[in-house]
Amino acid sequence: MSCLGCEIKETTVNIDVQQIIAEQLLVESHLAGTAMKEQRMKMCESCPFKVEHTCLKCGCFYEFRASLAEKKCPIGNW
């Protein structure tokens, strides 16, 4: 169990990231379908290059990259 301060910080970071992703996706035109996005994110979840919300290979928030239909995984997982 983490301390209350750490839990609050982690929650705040998660909200900020989700808000950033949602706002950026509003201006994107070629989005992946729900099934494709979920499949991609599932693969990202087990990737050794995923640290918190970020892909260390490309620097993107992995959920954002997985949401874009024309993007590819930088190490070829999808």
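The values are calculated or read from the model by the stated rules, or taken from the named source; none is laboratory data. In this text, all values refer to a predicted model and were calculated from it rather than measured experimentally. In case anyone asks, the SASA skips ligands and DNA or RNA and just uses the protein heavy atoms, side chains included. Shrake-Rupley method; radii C 1.70, N 1.55, O 1.52, S 1.80 Å.
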## Note on the structure
For the stretch 1-14, the count of residues that are part of a helix (DSSP H, G or I) and either open to solvent by 100 Å² or more (accessible area, probe 1.4 Å) or modelled with pLDDT of 95 or more (or both) equals 3
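Of all residues in the stretch 27-46, which are within 12 Å of the chain's Cα centre (by Cα) and of a type outside the set (D, E, K, R)?
Residues of the stretch 27-46 that are within 12 Å of the chain's Cα centre (by Cα), as a first pass: 37-38, 40-45.
Of everything in the stretch 27-46, those that are within 12 Å of the chain's Cα centre (by Cα) and of a type outside the set (D, E, K, R) turn out to be M41, M43, C44.
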### Query
Considering only the stretch 16-30, how many residues are open to solvent by less than 80 Å² (accessible area, probe 1.4 Å) and among the aliphatic types (A, V, I, L, M)?
4
### Task
Find the residue count for the stretch 31-78, including only residues that are within 18 Å of V17 (Cα to Cα), open to solvent by less than 60 Å² (accessible area, probe 1.4 Å) and of a type outside the set (D, E, K, R).
13
